[in-house]
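Accompanying notes for the structure given below.
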Amino acid sequence: MVGNSLTFDGLGHYKEEGLGLELLAESAGVDLTYGFHVRCGSTLSDTLANPTDICIPAPFQYGKFSNALPNYDWDAVTLQPHVGSTLGQDAATCATFIDLAKTHPGNDDTAFYIYSAWPAQSTGKYAEYWVGNLHEDDGLPSQQRRQYVDHLFKRVEGENDALLRLIPAGEGFYRL
């Protein structure tokens, strides 16, 4: 998992009885092995440019993304864009992370997920903001909005042959 603090929040914070994601996997009979690289409040391009800068220590033997992605087999890799970059930067950075993971022969069939977060409360009415119309352009500032994620997904999917999927957290909140 590569992203900012929302990536870590999705793990279900550490508790005395374990990590939320681990407990959920265990309850479903799934043997979960994972790693994460979290740089709080950062875009993916800033994370890529600062590979040793993290806000939460990387777990286990995998270490930071620069070691984890090219040196281990992964069933899935999540990438979480964050405000502060542009559509062009996000698409290029996602492609770079995918290319890095695919340097390992065991990652030919890895699924790559774009984690679509939800907008901040400061954006106004959620439903109106989420469905706002955005024109596709490299200079479009990154936004936690449906159409931004759609543009990003389409760009990344068109630029490589990786299996690309979406974690639609923002859409889930919109539908609720």
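The values are calculated or read from the model by the stated rules, or taken from the named source; none is laboratory data. Computed from a predicted structure; not experimentally measured. So basically every Cβ, Gly included, is an ideal-geometry build from the backbone, and we count neighbours across all protein chains shown. The area values use the complete protein model at the heavy-atom level, side chains included, leaving out ligands, DNA and RNA. Shrake-Rupley method; radii C 1.70, N 1.55, O 1.52, S 1.80 Å.
Listing for the model above:
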{"read-out": "Residue match in the range 105-114 (condition: in contact (Cβ under 8 Å) with a residue 12 or more places away in the chain, surrounded by 13 or more Cβ atoms within 10 Å (Cβ to Cβ) and of a type in the set (Asp, Glu))", "value": "no"}
{"read-out": "Qualifying residues in the range 145-176 (those that are under 24 Å from Asp75 (Cα atoms), assigned to a loop (DSSP other than H, G, I, E, B) and of a type outside the set (D, E, K, R)) - the one least open to solvent (accessible area, probe 1.4 Å)", "value": "Ala162"}
{"read-out": "Which listed residue is at pLDDT 90 or above, at negative phi and within 14 Å of the chain's Cα centre (by Cα), from Ala68, Ala91, Ala28", "value": "Ala91"}
{"read-out": "Pairs, first touching a residue at least 40 places away in the same chain (Cβ under 8 Å) in the range 25-48, second among the charged types (D, E, K, R) and assigned to a loop (DSSP other than H, G, I, E, B), C-beta under 6 Å, six or more apart", "value": "Thr47/Arg39"}
{"read-out": "Looking only at the range 15-59, and only at residues there that are part of a helix (DSSP H, G or I) and touching a Ser or Thr at 6+ places or on another chain (Cβ under 7 Å), the one that is surrounded by the most Cβ atoms within 10 Å (Cβ to Cβ)", "value": "Leu44"}
{"read-out": "Residues of the range 115-138 satisfying the condition of being open to solvent by less than 50 Å² (accessible area, probe 1.4 Å), of a type outside the set (Ser, Thr, Tyr) and in contact with a helix residue (DSSP H, G or I) (Cβ under 8 Å, 6 or more places away or on another chain)", "value": "Ala117, Pro119, Trp130, Gly132, Leu134"}
{"read-out": "Scan of the range 115-131 for residues that are touching a Phe, Trp or Tyr at 6+ places or on another chain (Cβ under 9 Å) and not aromatic (Phe, Trp, Tyr), ordered by number", "value": "Ser116, Pro119, Thr123, Ala127, Val131"}
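Residue-by-condition table, conditions (1) touching a Phe, Trp or Tyr at 6+ places or on another chain (Cβ under 6 Å); (2) in a loop (DSSP other than H, G, I, E, B); (3) open to solvent by less than 50 Å² (accessible area, probe 1.4 Å); (4) free of Cβ contacts under 8 Å to residues at least 12 places away in the same chain:
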{"residue": "Asn67", "(1), (2), (3), (4)": "no, no, no, yes"}
{"residue": "Pro70", "(1), (2), (3), (4)": "no, no, yes, no"}
{"residue": "Val77", "(1), (2), (3), (4)": "yes, no, yes, no"}
{"residue": "Pro81", "(1), (2), (3), (4)": "no, yes, yes, no"}
{"residue": "Ala91", "(1), (2), (3), (4)": "no, no, yes, no"}
{"residue": "Gln143", "(1), (2), (3), (4)": "no, yes, yes, no"}
